Amino acid sequence: MIRWFTALLLLVSVHATAAIDTYEFQDEETRQRFQQLTEELRCPKCQNQNLADSNSPIAKDLRHEVYRMLGEGETDAQIADFMVARYGEFVLYKPRKDLSTYLLWYGPFALLLVGVVVVFVMTRRKSSGAKTDDKPALDESQRQQLNSLLDQDTDK
């Protein structure tokens, strides 16, 4: 019985350590580039994790692909282009600035600017409208007529 329990523990521990990727790099700069790329690229399956944090099989394959491409001397931009060509812009945490993403990048600022302009125009109209809506003062005959009407009303 103890043998089976020990064998089961060994199998579980071997399985737990099998998911850890170990890569040997040419130099420290390549290792840092690998870490930066795997943190900036999103796992296509997990959607809310980067390649470095994800344990999914596709993330493991993509980490290996990044490692292979770095070993072949490709630049970060070439690696990102490869991933975008394969999985779309979604794989990038920071979408690129191009014609299709201008609204995403600059839309909030444009909306804020429109809001500021609308508030400014409305307050200017309201303040200038109050001045033009003032009624002219009554002349003496109109004032006497108004007083007589008010006196009649108070007499009743």
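The values are calculated or read from the model by the stated rules, or taken from the named source; none is laboratory data. Bear in mind that the values here come from a model prediction, so they are computed numbers and not experimental data. Note that each Cβ is placed from the backbone with ideal geometry, even for glycine, and that neighbours are counted across all protein chains shown. With ligands, DNA and RNA removed, areas are computed over all heavy atoms of the protein, side chains included. Shrake-Rupley method; radii C 1.70, N 1.55, O 1.52, S 1.80 Å.
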Open item on the list: Between the stretch 106-126 and the stretch 28-65, how far is it from one alpha carbon centroid to the other, in angstrom?
Closed with: 42 Å
Task: ILE2 versus VAL121: modelled label distance in nm, points set 7 Å from Cα along the beta carbon direction - done: 8.6 nm
Task: Vicinal HN-Hα couplings computed from phi for the stretch 84-100 (Karplus, 6.51 cos²θ - 1.76 cosθ + 1.60; Hz; Gly/Pro x) - done: 5, 5, 8, 10, x, 4, 4, 5, 8, 5, 10, x, 6, 8, 9, 4, 7
Task: 5 angstrom amide H check on LEU41, placed H, neighbours 5+ away - done: LEU51
TODO: Please identify every one of the chymotrypsin sites (Phe, Trp or Tyr not before Pro) in the stretch 71-100 that sits in a loop by DSSP and has no more than 13 other beta carbons within 10 Å of its own beta carbon.
DONE: TYR93
Open item on the list: Leaving ligands and nucleic acids out of the surface, order ILE79, ILE2 by accessible area at 1.4 Å, largest first.
Closed with: ILE2, ILE79
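Compute the length gained on full extension between TYR23 and ASP139: take 0.36 nm times their separation in residues and subtract their Cα-Cα distance, giving the result in nm to one decimal. Can you show the working numbers first?
Numbers: separation 116, 0.36 × 116 = 41.76 nm, distance 9.57 nm.
Gain in length upon complete extension: 32.2 nm.
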